[in-house]
Amino acid sequence: GPVVETVRAYRLPMALAVGMLAVAVWIGSGLAEQFPLPKEVVNLGGLQIESFSRLGNIRLLDASGIGLIWFHNVRAVVLALILGIFSFGVLGLLVVMLPLVLIGYFGASFAAAGLPPLTFFAAFILPHGIFEIPAMLIVGAGILRIGALVVAPSQGRSIGEVAMQGLAEWTRALVAVVIPLLAAAAVLEVFLTPRVVLALLG
């Protein structure tokens, strides 16, 4: 079907997206050395379940936080697409890479404070990341594919035609795969991740 065809078309862009997101983590870990966090920020000694009741304007451990997290993530995905269309994929990919830069930064910061990187990943990232990271990879692959189609369009087809092809593929992947993955990730981020963090680090 159309979704299977889209997945096949995304194989090479997906491999490139994996490489770019790995670079983002590496960049973030380098920034942690140049801009270390204050010790009180990385001190997890007093961690309690109440610490997760509110994160900014997002309520964790409460169903009301699911929609807000999901909306923020979908909005970032749409922004990445819009920026990608007008920059041959470059700016859009940077938007997708930013969360991985932050993961690398905080991972390295907590590692410097004595928390093993694998423990940080297992506690803060893995519970919801099993859905969110694949979604971000698909988004990045789609943006790369659109950029590649626009830069090197097929013979006999205009840039607009190939851009529309890429946009149609990306929309199918978004509706059929990315949005459901982000919804599942939001549920886990609200209800599971805080409990895993507390169980491993509290």
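The values are calculated or read from the model by the stated rules, or taken from the named source; none is laboratory data. Bear in mind that the values here come from a model prediction, so they are computed numbers and not experimental data. Heads up, the Cβs are rebuilt from the backbone with ideal geometry, glycines too, and the neighbour counts pull from every protein chain shown. For accessibility, only protein heavy atoms count, side chains too; no ligands or nucleic acids. Shrake-Rupley method; radii C 1.70, N 1.55, O 1.52, S 1.80 Å.
Observations, loosely collected:
- Dividing the summed helix terms, -39500 (n - 2.57) for each DSSP H run of n ≥ 4, by the number of residues in the chain produces a 222 nm estimate of -23500 deg cm²/dmol to the nearest 500.
- Relative contact order, percent, the chain [alpha-carbon distance under 8 Å, six or more residues apart]: 35
- Projected onto its three principal axes, the C-alpha set of the range 140-187 covers 45, 14, 10 Å, listed from the longest axis down.
- Carbon plus sulfur fraction of accessible area for the range 78-201, probe 1.4 Å, in percent: 78
- In the range 78-180, chymotrypsin sites (Phe, Trp or Tyr not before Pro) in a DSSP loop with at most 12 other beta-carbon atoms within 10 Å: 86
- Straightening the chain between residue 113 and residue 130 buys 3.6 nm, computed as 0.36 nm per residue apart minus the Cα-Cα spacing.
- With 0.36 nm allotted per residue and the present C-alpha distance subtracted, the residue 72-residue 90 stretch has 4.4 nm of extension available.
- Per residue accessible area of the range 55-94, 1.4 Å probe, in Å²: 57
- Cα gyration tensor, the range 57-103 - rounded (a/c under 1.5), prolate or oblate: oblate
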